[in-house]
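Read-outs: derived from the displayed coordinates by stated rules, not from any lab. Every value quoted in this text rests on a predicted model; they were computed, and no experiment measured them. Cβ placement follows ideal geometry from the backbone for every residue including glycine, while neighbour counts extend to all protein chains displayed.
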Amino acid sequence: MKDRETPKNIAGGSYDEILVESGVYVLKIQNETRKSQNVTRDIDSSFIQFHFCLKGEGAFLFNNGSYKLNVTEESSLLLYNTQKDLPMDLELDPGSWLLSIIMTIQKFHALFSDEATYIPFLSAENQEKKYYAQEAINPSISVVLSQLMNYNLHPSIKSLYMKGKVYELISLYFNRVENTDLEQCPYLADEDNVRRIRNAKEIIIKRMAEPPTLPELAKEIGLSLKKLKEGFKQIYGDSVYGFLFDYKMEYARKMLEGGKHNVNEVGLRVGYSTASHFISSFKKKYGTTPKKYITSKV
């Protein structure tokens, strides 16, 4: 595992590996292509793995593909085996997103040192056994996953934010209380509302060149304008158009790096009718013009 943030492109998708603190990593994998993608990563027996499928589905392959565990949309997979390395060999379907927490067993045990009997596989009789579990993702966990996938933060607090969200995610995963409410935004505990807000995100991404107005978007997903604004902010950490701006700039940056499109073409693809407007927006986001950005990558 690498001790730093390592974003990279994987043939049209993306893979980000983020070191949260010593022994704790977040992997963010997105396949935005029309073909299945294979992602591999060495993970030895000193780590416990939590995999969450936010969208689409995939399969974890073992023993050179002779055995596999499927992970589907809105489900999670826990892998724990102190006797055998479980390297990641993931086949991710088109249009699928996966977020994984990889943590050393030593670090994980320290989190629950006073509550060993609370977690089944932390008991003395089970600590040397393998443990696999597949669970549905509840709305509380879904919100935190979305916040980890999409956030708009100053770099100085990013590490702290990630650490807090990872521990929140782990605590919610092992929370036995059913139907936990979300204090800050209670209606997000309703799975249908979470689904509608996710749909809003998909709509603005799909139509980013000509996005609907907020009232139009609220009507299309079947929520009030107030719930759309508050819910979107709670899940994605930004306003609807703030999120869309960041998405468009990231999309544009990747297009420019691909080298197949000029500045005008990229600007039009993400919804700017004039090159000057696109250049201004790109500079606002990245502190440099598209042309200078491309030159710096040569």
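Worth a mention:
- The protection proxy used here, the mean number of other Cβ atoms lying within 10 Å of each residue, ranks peptides 64-77, 239-252 as follows, highest first: 239-252, 64-77.
- Gain upon complete extension [LYS84, ASN175; 0.36 nm per residue less C-alpha separation]: 30.0 nm
- SER14-LEU111 pseudo-label distance in nm [points 7 Å out on the Cα-to-Cβ vector]: 2.5 nm
- Per-pair calculated FRET efficiency, R0 = 25 Å: ILE157 and LYS55 via Cβ, rounded to 0.05: 0.40
- Using θ = phi - 60° and Karplus 6.51 cos²θ - 1.76 cosθ + 1.60, couplings along the stretch 156-166 (whole Hz; Gly, Pro as x): 5, 10, 4, 4, 5, 4, 4, 4, x, 5, 5
- With R₀ fixed at 51 Å, the C-beta to C-beta distance from SER280 to LYS68 puts the FRET efficiency at about 0.60.
- Put simply, when 96-104, 228-236, 273-281, 192-200 are sorted by average Cβ atoms within 10 angstrom per residue, most first, you get 96-104, 228-236, 192-200, 273-281.
- Karplus (6.51, -1.76, 1.60) ³J(HN,Hα), θ = phi - 60°, over the stretch 132-137, in Hz, Gly and Pro reported as x: 10, 8, 10, 9, 6, 8
- Ranking of ILE105, ILE204 by count of other Cβ atoms within 10 Å, fewest first: ILE105, ILE204
- Annotation for the stretch 71-87 versus the stretch 188-230: alpha-carbon center distance of 33 Å.
- Shape category assigned to the stretch 186-237 from the gyration tensor of Cα positions, a/c cut at 1.5: prolate
- Filter on LYS227/LYS260; LYS68/LYS107; LYS84/LYS201; LYS158/LYS283; LYS35/LYS84 - keep pairs with C-alpha separation over 29 Å: LYS227/LYS260; LYS84/LYS201; LYS35/LYS84
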